[in-house]
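The values are calculated or read from the model by the stated rules, or taken from the named source; none is laboratory data. Remember, it's a predicted structure, so these values are computed and weren't measured experimentally. Neighbour counts are summed over all protein chains in view; Cβ atoms, including those assigned to glycine, are modelled from backbone coordinates with ideal geometry. These accessible areas exclude ligands, DNA and RNA; they are computed on the full protein's heavy atoms, side chains included. Shrake-Rupley method; radii C 1.70, N 1.55, O 1.52, S 1.80 Å.
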Amino acid sequence: MDYRTWVATALQQLTHSESQKRDAEILLEHVTGKGRTFLLAFGETLLDDAQLQRLSALLARRINGEPVAYLTGTREFWSLPLAVSPATLIPRPDTECLVEQALQCMAQFSAPTVLDLGTGTGAIALALASERPDCTVTGVDVQPDAVTLAQRNAATLQLPNVQFLHGNWFEPVAPTRFSVIVSNPPYIDAEDIHLCEGDVRFEPISAMVAAEGGLADLRWIIQQAPQHLKNTGWLLLEHGWQQGEPVQQLLQQRGFEQVATCSDYGGNERVTLGQWPAAEGDA
């Protein structure tokens, strides 16, 4: 069977995928080690028996709903190739909005220090470190496997200005203060029906679900963040599409200023940020 025929056959089986053709192409790229351009240009190339067996096994797992990123062990974020595993959430394009906003906030600081809470694969921390070589980024995660994975990604990308620590939220970095704190914490309500659908069925529930209708971790970070922010430092939080207003209220009640919510590429409220006032944030 050649490349072109295998993709056509896979498309007939990937009926529940929202990206059938791309899923098939990614699996084919992964097994053959060839890029998409090569696959399209030389579609008549024959697959050997070993490749067909690997593709069959991977396709069966994808049909069952397992995310392509877990099947290949990689996912691109901010144009950076990242290793992923079932120990972490899969980085999503909408989270790049958080990176964009953080970079704008970092612009006011010379050699800013940044803290990424719940770093997972290290996607946010690594993206920021890659854009600002003069900054120092610290990523924290409570899952040891996630920290190990993030450290491996940093080594692969050769980014010396980022470190990853194991621990619960601010514990590993107390009493350090940072220019910018970012987080994509768990924010989904445990009763959300979407947890039983699609790729998220295979992702770690602890990285997605929070109490209080999804607001518990967001609330805790907001309450603790001022103790870890420098003068005029910024806190940026990713959240659900209906959580912009409550997160704004939590920030304002805590004393943050310049509070605003930004939308993702789909037009949904996704990131809310606030600046800690200099008078109260003086270290």
Per the filter on segment 1-16, residues touching an Asp or Glu at 6+ places or on another chain (Cβ under 8 Å), open to solvent by 20 Å² or more (accessible area, probe 1.4 Å) and not aliphatic (A, V, I, L, M) are 2, 4
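Looking at segment 171-182, is at least one residue more than 23 Å from residue 70 (Cα to Cα), open to solvent by 30 Å² or more (accessible area, probe 1.4 Å), of a type in the set (D, E, K, R) and at pLDDT 85 or above?
yes
Can you name the residue in segment 85-95 that is assigned to a helix (DSSP H, G or I) and either under 22 Å from residue 156 (Cβ atoms) or in contact with a helix residue (DSSP H, G or I) (Cβ under 7 Å, 6 or more places away or on another chain) (or both) and, of all such residues, is most open to solvent (accessible area, probe 1.4 Å)?
Residues of segment 85-95 assigned to a helix (DSSP H, G or I): 93-95.
Applying the additional criterion that residues be either under 22 Å from residue 156 (Cβ atoms) or in contact with a helix residue (DSSP H, G or I) (Cβ under 7 Å, 6 or more places away or on another chain) (or both) yields 93, 95.
Details: 93: 73, 95: 12 Å².
Taking the candidates together, the pick is 93.
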Restricting to segment 17-27, what's the tally of residues that are open to solvent by less than 20 Å² (accessible area, probe 1.4 Å) and of a type in the set (A, V, I, L, M, F, W, C)?
2
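Let's see how each residue does on (1) more than 22 Å from the chain's Cα centre (by Cα); (2) part of a strand (DSSP E or B); (3) in contact (Cβ under 8 Å) with a residue 60 or more places away in the chain:
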{"residue": "236", "(1), (2), (3)": "no, yes, yes"}
{"residue": "251", "(1), (2), (3)": "yes, no, no"}
{"residue": "267", "(1), (2), (3)": "no, no, no"}
{"residue": "271", "(1), (2), (3)": "no, yes, yes"}
Take segment 111-151 and flag every residue that is among the acidic types (Asp, Glu) and open to solvent by less than 10 Å² (accessible area, probe 1.4 Å).
116
So residue 82 clears everything in (1) part of a helix (DSSP H, G or I); (2) modelled with pLDDT of 95 or more except one condition, right? Which one?
(1)
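Being of a type in the set (A, V, I, L, M, F, W, C) and in a helix (DSSP H, G or I): is that true of residue 98 here? If you could, list the steps in order and put the result at the bottom.
On the way: of a type in the set (A, V, I, L, M, F, W, C): yes; in a helix (DSSP H, G or I): yes.
Criteria met by residue 98.
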Restricting segment 28-48 to residues that are under 19 Å from residue 68 (Cβ atoms) and in a loop (DSSP other than H, G, I, E, B), the residue that is least open to solvent (accessible area, probe 1.4 Å)
47
Exactly one of 163, 108, 104 is assigned to a helix (DSSP H, G or I) and in the same structural domain as residue 267 (by the TED database), and that residue is 104
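Could you run through segment 117-142 and say how many residues are among the hydroxyl-bearing types (Ser, Thr, Tyr) and assigned to a strand (DSSP E or B)? Walk me through it before giving the result.
Within segment 117-142, the first condition is being among the hydroxyl-bearing types (Ser, Thr, Tyr), and the residues that meet it are 119, 121, 130, 136, 138.
Those left that are additionally assigned to a strand (DSSP E or B): 136, 138.
Number of matching residues: 2.
Output the number of residues of segment 13-59 satisfying the condition of being touching a His at 6+ places or on another chain (Cβ under 8 Å) and of a type in the set (Asp, Glu).
Pass one, segment 13-59, residues touching a His at 6+ places or on another chain (Cβ under 8 Å): 58.
With the extra rule that they be of a type in the set (Asp, Glu), the set shrinks to none.
The number of residues fulfilling the criteria is 0.
Every residue, every condition in (1) open to solvent by 20 Å² or more (accessible area, probe 1.4 Å); (2) modelled with pLDDT under 95; (3) under 27 Å from residue 126 (Cα atoms); (4) among the aromatic types (Phe, Trp, Tyr), yes or no:
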{"residue": "199", "(1), (2), (3), (4)": "yes, yes, yes, no"}
{"residue": "208", "(1), (2), (3), (4)": "no, yes, yes, no"}
{"residue": "211", "(1), (2), (3), (4)": "yes, yes, no, no"}
{"residue": "274", "(1), (2), (3), (4)": "no, no, yes, no"}
Among all residue pairs at least 6 apart or on different chains, which show Cβ distances below 7 Å where the first residue, located in segment 208-224, is closer than 15 Å to residue 241 by Cβ and the second is open to solvent by less than 40 Å² (accessible area, probe 1.4 Å) and of a type in the set (Val, Ile, Thr)?
208/200; 218/247
